[in-house]
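Data block below; observations after.
Laboratory data are not the source of any read-out in this text; all were calculated from the coordinates shown. Please read these numbers as outputs of a predicted model, since none were measured by experiment. We place every Cβ from the backbone using ideal geometry, glycine too, and count neighbours over all the protein chains shown.
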Amino acid sequence: NFILEAITAGYSPAEIEQSVRISLDHIRTRKKVKATHNSTNSIKFSGSHDLAISWLASHFRDFTNEIDTFEIEFSGSLAGLIALSDGKANLAGCHLWDIESNFYNTAFIQKILPSTRCAVITLAYRCLGLIVAPGNPYNLKSIKDLMTPNIRFINRQKGSGTRVWLDAILRNNQIPSTSIPGYENEKMTHSDLAKDIAEGKADVGIGLEAAANTYSLSFVFLNKEKYDLVILESDYYTPIFQSLLDILKKDNFLSALADFGGYDTTETGKVDWIN
């Protein structure tokens with residue numbers, strides 16, 4: 001099987017785990033949650049792609065017996081909040097920047113979940129920037145460099161937090177999207193975006209430093225963004241979610257984020273309330 005072949009080929013257990021996780025992320029972008037969640041011991045996550053979420057889904061049994069299943073749909077930040085509102089998920093993940101308030105997530109949660117009291121838990125602050133080939137051969141340094149002739153850009157999908165941020169920056173700087181070659185070329189995850197750049201299918205994309213590290217690519221920092229987990233108050237105090245909060249503070253989890261690179265865990269596990 002795949003794992004045995006990988007071991008025979010000389011790959012380390014960490015490299016094999018990383019490859020399996022990326023493959024699962026690819027599958028999860030196509031998985032649709034069809035029914036309202038009904039298990040008090042099941043987490044159904046919907047939201048923005050994040051390597052730490054994938055790690056949690058793969059390792060939760062190492063920490064607790066409270067969680068029976070941890071299902072993931074990487075659908076984008078906006079879709080995650082909508083799924084939470086519709087009862088198709090009980091955990092959402094988002095990093096939506098509001099240009100008016102210059103703050104992450106609050107305005108969008110209030111609009112999509114009006115009059116609904118929610119716990120907003122900081123997963124981490126993540127480094128977002130330009131992902132480019134090793135050595136940054138085109139010397140790309142800013143959003144304006146995306147207009148460079150013959151540079152092949154690769155984008156994130158509509159509704160993703162990264163796309164919301166990029167489009168706001170483009171409007172703020174009066175840069176038409178039509179001036180960026182490849183703007184319409186979309187990928188559902190940071191991993192897929194980085195993979196295309198590593199394979200030479202594109203020259204630059206906007207994504208996580210952690211994704212660039214995974215594929216040994218170069219990274220140009222642009223922004224530090226806040227990634228939050230959103231839970232309804234009615235679910236927050238249940239054993240399953242209290243167990244999840246405990247995991248976020250465990251050394252093993254924080255070490256995993258440090259290994260990925262590009263994560264600031266100073267406020268990981270901090271809880272705020274909205275509405």
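Largest GNM mean-square fluctuation among Ala168, Ala79, Ala92, using the chain with Cα springs under 10 Å: Ala168. Relative contact order, whole percent, for region 128-275 stands at 31, derived from Cα pairs under 8 Å and 6 or more residues apart. Rounded to the nearest 20, the Cβ-based charge dipole of region 69-175 about its Cα centre (Lys and Arg +1, Asp and Glu -1) stands at 220 debye. So how far, in whole Å, is the C-alpha centre of region 62-87 from the one of region 214-275? Their Cα centres are 14 Å away from one another. Here the chain is treated with +1 on each Lys and Arg Cβ and -1 on each Asp and Glu Cβ, and its dipole about the Cα centre works out to around 620 debye. Across the options Gln242, Val230, Thr214, the greatest Cα extent toward the positive end of the charge dipole of region 213-269 (unit charges at beta carbon of Lys, Arg, Asp, Glu) belongs to Thr214. The slack in the chain from Asp264 to Asn223, taken as 0.36 nm per residue of separation less the alpha-carbon distance, amounts to 13.5 nm. In this rough spin-label picture, where each label sits 7 Å from Cα along the Cβ direction, the Lys249-Asp145 distance is 4.2 nm. Note on the chain: helix-only mean residue ellipticity at 222 nm, from DSSP H runs of 4+ residues weighted -39500 (n - 2.57) and normalised by residue number, equals -10500 deg cm²/dmol.
Take the Cα of Ser101, step 7 Å toward its Cβ, do the same at Ala168, and the gap between the two points is 1.0 nm.
What is the ratio of the Cα radius of gyration of the chain to 2.2 N^0.38 Å, with N the residue count, to two decimals?
Rg over 2.2 N^0.38 Å, computed on Cα atoms: 0.99.
Other residues whose C-beta falls under 10 angstrom from the C-beta of Ala210 contribute a net charge of -2, scoring Lys and Arg +1 and Asp and Glu -1.
Given +1 at the Cβ of Lys and Arg, -1 at the Cβ of Asp and Glu and no other charges, the dipole of region 185-232 around its Cα centre is 80 debye to the nearest 20. Within the listed set Gly161, Gly200, Gly93, the residue fluctuating most in the Gaussian network model of the chain (springs between alpha-carbon atoms under 10 angstrom) is Gly200.
Between the listed residues Thr265, Asn139, Pro181, the Cα displaced farthest toward the positive end of the dipole of the chain, a dipole computed from Cβ unit charges relative to the Cα centre, is found at Pro181. Taking other residues whose beta carbon is less than 10 angstrom from the beta carbon of Thr40, and scoring Lys, Arg as +1 and Asp, Glu as -1, yields -3.
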